[in-house]
Amino acid sequence: MSRAPSETEATQALREMFAAEAREVPVVQDLPGVTVRRARKLARRRFTAGGLAVTVAFVLTVAGIGVWRQWTTPVEQSDVAGSTGRVEFEADAQQQVPLGTGTAPLMVDLTVGNRLYDATSGSWRDLKGDAGSGVVRTNVGWLVGGATTVRLLRTDGTQVPLADAIDGWAVSADGSELAVVRGQTLQLNRLSSSGLQNLASGSIPAGWRPIGFLATAVLLATTNRDQFGIWRRDGTFDRAVGLSEVYPSFQSDTFAVVPGSVGRPCLVRVSVSSGRLEREDAAGCHEFLERGATHAVVSPNGQNLATPFDGGLWVINLDRSVTAAAANGAAAPVWIAACASDADAVPVWQDDATVVTAFRGDLVACGVDGVQRTVQMPAGVPSGGGLVTIKR
């Protein structure tokens, strides 16, 4: 019979978890003090709960782990270094994460009202119409979504209408394909500078909308995002159950969120390699996943998840999190970088190595190597504009 954890062990486990939360990383200018003060305040508040609350929290954590472990296939425990389930930084974050010097250039486009700032050419462009459902940069220009339309704004300034009377649209990770939905019909198209070429179409249940791609499969969700599924180009549709969030990726596997204990969701790895959207491995639980789940974004290479919360932003590595959870069922997701960020920021990856986020009216370039720098804005360009997603 397994031995029940003592209160001392429970306290130690929770101390490690809370210490991980408090390791916020400073950036240049006035960012360090704000971020560190947030973490310290959070840690002090939680430790006043006392030994009983700590023990209860530990039991709830283990119970939550048990729930989602029933959904996964058992994985042999790894003896690889770093698989203890703790985050990868030591107590002094400044020794582990180099403090950025200087600033980073603006590498992501911005929208300000009905105008778009092209960071590549350093010029402003007119969006020429409604952009309420988003702007995405691709190799052939910008996809601009209206309430029921999507159009292409080419780099020469001309526009090409792509689809109208639609209920939703999504573009593939490399920007080469566009999925649009009208009612219960999904149409998959090849995108070029001249417009769309139909590749496949088929039926989907009513009320489902495309939100991205997983490899070549179209990832869909219900309007209120309480169910997720995939549509394959052979016309088949598969619905998954028990998922709170699924993140698009160029790979066939990606991050997803499932319920854990109360207020402490869990990450899992899901995959479409079998032709269905299926859970595969546990990847750790943490309360911050509840706060930043709707704004989190996967890196272009599919390896990392940038998730903001009320104390900053974590960059979580999928493979390391799966390895840590296999070795220690109480492991939190493994973050490889932590940066300053607003809790409601919507980060955008500028490439595999850097994610850009907003913090108190500035932009911060957060590297997966742990280095973060404030973004130097070009003259006349406000830092409060909307970040444009890149798919190319």
Subject >> Test: residue in segment 357-369 that is over 29 Å from SER172 (Cβ atoms) and basic (Lys, Arg) >> reply: yes
Original post:
In segment 104-116, which residues are crowded, with 16+ Cβ neighbours inside 10 Å and polar (S, T, N, Q)?
Top reply: THR111
Subject >> In segment 296-312, the residues that are more than 15 Å from ALA353 (Cβ to Cβ) and more than 8 Å from the chain's Cα centre (by Cα) >> reply: PRO308, PHE309, ASP310, GLY311, GLY312
**OP:** Considering every residue within segment 314-333, establish whether at least one is surrounded by fewer than 24 Cβ atoms within 10 Å (Cβ to Cβ) and within 21 Å of PRO210 (Cα to Cα).
**Re:** no
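Please determine, by comparing only the residues of segment 327-350 that are of a type in the set (Val, Ile, Thr) and part of a loop (DSSP other than H, G, I, E, B), which one is nearest to the chain's Cα centre (by Cα).
Only one residue fits best here, namely VAL346.
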Subject >> Odd one out for VAL270, checked against (1) among the hydrophobic types (A, V, I, L, M, F, W, C); (2) touching a strand residue (DSSP E or B) at 6+ places or on another chain (Cβ under 8 Å); (3) closer than 17 Å to PRO347 by Cβ >> reply: (3)
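Just to verify a result, which residue in segment 117-127, among those that are surrounded by 15 or more Cβ atoms within 10 Å (Cβ to Cβ) and not in a strand (DSSP E or B), is nearest to the chain's Cα centre (by Cα)? Steps first, please.
Here is the first cut: in segment 117-127, the ones surrounded by 15 or more Cβ atoms within 10 Å (Cβ to Cβ) are 117-119, 125, 127.
With not in a strand (DSSP E or B) added as a condition, the list becomes 119, 127.
Values: ALA119: 23, LEU127: 27 Å.
Per the stated criteria, the residue is ALA119.
Yes/no matrix, rows are residues, columns are (1) modelled with pLDDT under 95; (2) closer than 30 Å to GLY260 by Cα; (3) of a type in the set (Lys, Arg):
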residue	(1), (2), (3)
SER321	no, yes, no
ARG360	yes, no, yes
LEU363	no, no, no
CYS366	no, yes, no
**OP:** Go through segment 268-296 residue by residue and tally those that are among the aromatic types (Phe, Trp, Tyr) and either without any contact (Cβ under 8 Å) to a residue 12 or more places away in the chain or not assigned by TED's automatic domain parsing to the domain that holds ARG360 (or both).
**Re:** 0
Subject >> Unmet criterion (only one of (1) more than 24 Å from ILE390 (Cβ to Cβ); (2) in contact (Cβ under 8 Å) with a residue 40 or more places away in the chain) for SER299 >> reply: (1)
Subject >> Odd one out for GLY386 among (1) surrounded by fewer than 20 Cβ atoms within 10 Å (Cβ to Cβ); (2) more than 27 Å from ASN139 (Cβ to Cβ) >> reply: (2)
Original post:
Any chance segment 316-325 includes a residue that's in a loop (DSSP other than H, G, I, E, B) and out of contact with any Cys (no Cβ under 8 Å at 6 or more places or on another chain)?
Top reply: no
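Just name the residue that is nearest to ALA338 (Cα to Cα) out of those in segment 254-295 that are among the aliphatic types (A, V, I, L, M) and more than 15 Å from the chain's Cα centre (by Cα).
Among those that are among the aliphatic types (A, V, I, L, M) and more than 15 Å from the chain's Cα centre (by Cα), it is ALA282.
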Original post:
When you go through VAL136, VAL218 one by one, which is the residue that is closer than 22 Å to LEU387 by Cβ and either touching a strand residue (DSSP E or B) at 6+ places or on another chain (Cβ under 6 Å) or touching a residue at least 40 places away in the same chain (Cβ under 8 Å) (or both)?
Top reply: VAL136
Original post:
How many of the residues in segment 171-192 are free of Cβ contacts under 8 Å to residues at least 60 places away in the same chain and assigned to a strand (DSSP E or B)?
Top reply: 14
Original post:
Could you say which residue among SER203, SER194 is surrounded by fewer than 16 Cβ atoms within 10 Å (Cβ to Cβ) and under 19 Å from LEU152 (Cα atoms)?
Top reply: SER194
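The values are calculated or read from the model by the stated rules, or taken from the named source; none is laboratory data. This is a predicted model, so every value here is computed, not measured. Positions of Cβ are backbone-derived with ideal geometry, glycine not excepted, and every protein chain shown enters the neighbour counts.
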